[in-house]
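A.B. asks: Quick one: the structure is below, questions incoming.
The values are calculated or read from the model by the stated rules, or taken from the named source; none is laboratory data. Computed from a predicted structure; not experimentally measured. When we count neighbours, we look across all protein chains shown, and the Cβ atoms used for this are built from the backbone with ideal geometry, even at glycine. Heads up: the accessible areas ignore ligands, DNA and RNA and are worked out on the full protein's heavy atoms, side chains in. Shrake-Rupley method; radii C 1.70, N 1.55, O 1.52, S 1.80 Å.
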Amino acid sequence: MRMNRIALASLAIGLLTAWSAGGTAQTAPTPDQVVAGLKQNLAESQKRLRTYEWVETTAVSLKGEEKSRKQQRVYYGADGKLMKLPIGAPAPAPKPEPSGGRGGRLKGKIVENKKEDMQEYMEKAVALVHQYVPPKPELIQKAKDAGNLAVKPPQDGRVRAEFKNFVQKADLLGMDVDAKAMQLLGLNVATYLEKAEDAVTLDVRYATLPDGTSYVAKTTFDAKAKNISVTVENAGHKPVGK
């Protein structure tokens, strides 16, 4: 009888311990904790990143076919602005086809107009990406204050934080955050260019340098309506001047 009581007591203690551990693991940090941690880590990493230079590789694809690829040396100037210098010789421009009279000239004009439209679209897309990446601490705080932040319970050591109306109405920014360090691991965005019909998505993966500096390792921009995909990868980080 005594042994049964001891066994039951041990079982109860074991269950209580397991429940407590499980409860702790599933407890989500408060929005205030997430915002404070993110703002601090983003600010610290951005400050340290100013002492580095790296190589940025950008590839643009249309309908699944890569159309261009370029590399640039990237670093911060003395004024704090991001500087980008081309690496290597630019790809040679395609030779113009024979005009073939008025029809050829018209075809050439149409092609040229399409190139200009594409260039304009890409400039708008780049500007939009910069509004989300890296996420601005003041926008994180603003979204939280407006009640547009939802924090989901941790899973596999990660917290999922979702921000509605982050940059523009009806967009959605989701962040995967390290539950302990409150460090940004990745983010994805569902937004649009000018009109809601022109939906675009962003998928951003973060990595960490040996000194703990967090940086954007890979950004993928998809505009399905235009069949355009842009991938930007950052690598080869080293202290400036070394």
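Matching residues to (1) in contact with an Asp or Glu (Cβ under 6 Å, 6 or more places away or on another chain); (2) part of a strand (DSSP E or B); (3) open to solvent by 10 Å² or more (accessible area, probe 1.4 Å):
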{"residue": "VAL126", "(1), (2), (3)": "no, no, yes"}
{"residue": "GLU138", "(1), (2), (3)": "no, no, yes"}
{"residue": "GLN141", "(1), (2), (3)": "no, no, yes"}
{"residue": "VAL159", "(1), (2), (3)": "no, yes, no"}
{"residue": "GLU162", "(1), (2), (3)": "no, yes, yes"}
{"residue": "VAL167", "(1), (2), (3)": "no, no, yes"}
{"residue": "LYS180", "(1), (2), (3)": "no, no, yes"}
{"residue": "GLU194", "(1), (2), (3)": "no, no, yes"}
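A.B. asks: Would you mind stating whether VAL230 is assigned to a loop (DSSP other than H, G, I, E, B) and either in contact with a Cys (Cβ under 6 Å, 6 or more places away or on another chain) or β-branched (Val, Ile, Thr) (or both)?
C.D. replies: Here the answer is no, as VAL230 does not meet what is asked.
A.B. asks: Quick test of your reading of the structure: GLY64 fulfils all but one of (1) in contact with a Pro (Cβ under 7 Å, 6 or more places away or on another chain); (2) at positive phi. Name the failing condition by number.
C.D. replies: Just one mismatch for GLY64, condition (1).
A.B. asks: Restricting to segment 196-214, what's the tally of residues that are part of a strand (DSSP E or B), touching a helix residue (DSSP H, G or I) at 6+ places or on another chain (Cβ under 8 Å) and over 24 Å from SER68 (Cα atoms)?
C.D. replies: Selection size over segment 196-214: 1.
A.B. asks: Right, here's the next one. Go through ALA12, ALA43, ALA59, ALA36 for me and flag whichever is at pLDDT below 90 and not hydroxyl-bearing (Ser, Thr, Tyr).
C.D. replies: Only one candidate qualifies: ALA12.
A.B. asks: For residues in segment 196-224 being in contact (Cβ under 8 Å) with a residue 24 or more places away in the chain and charged (D, E, K, R), which is least open to solvent (accessible area, probe 1.4 Å)?
C.D. replies: ASP198
A.B. asks: Something else: Could you say which residue among ALA150, ALA93, ALA89 is more than 22 Å from LYS218 (Cα to Cα), outside any helix (DSSP H, G or I) and either open to solvent by less than 60 Å² (accessible area, probe 1.4 Å) or at pLDDT 90 or above (or both)?
C.D. replies: Criteria check complete, one pass: ALA150.
A.B. asks: Please work out which one of (1) within 28 Å of GLU56 (Cα to Cα); (2) modelled with pLDDT of 95 or more is the condition GLU138 fails and give its number.
C.D. replies: Result: GLU138 fails condition (2) only.
A.B. asks: Name the residue that is modelled with the highest pLDDT, counting only residues in segment 169-178 that are surrounded by fewer than 16 Cβ atoms within 10 Å (Cβ to Cβ) and not small (Gly, Ala, Ser).
C.D. replies: Checking each candidate, the answer is LEU172.
A.B. asks: A further question on this structure: I need the full set of residues from segment 154-212 which are hydroxyl-bearing (Ser, Thr, Tyr) and either under 11 Å from the mean Cα position of the chain (by Cα) or farther than 30 Å from TYR52 by Cα (or both), in order please.
C.D. replies: Within segment 154-212, THR191, TYR192, THR201, TYR206 meet the criteria.
A.B. asks: Scan segment 61-86 for residues that are touching a residue at least 12 places away in the same chain (Cβ under 8 Å), in a strand (DSSP E or B) and either open to solvent by less than 80 Å² (accessible area, probe 1.4 Å) or under 19 Å from LYS238 (Cβ atoms) (or both) and jot them down.
C.D. replies: Scanning segment 61-86 gives SER61, LEU62, SER68, GLN71, GLN72, ARG73, VAL74, TYR75, TYR76, LYS84, LEU85, PRO86.
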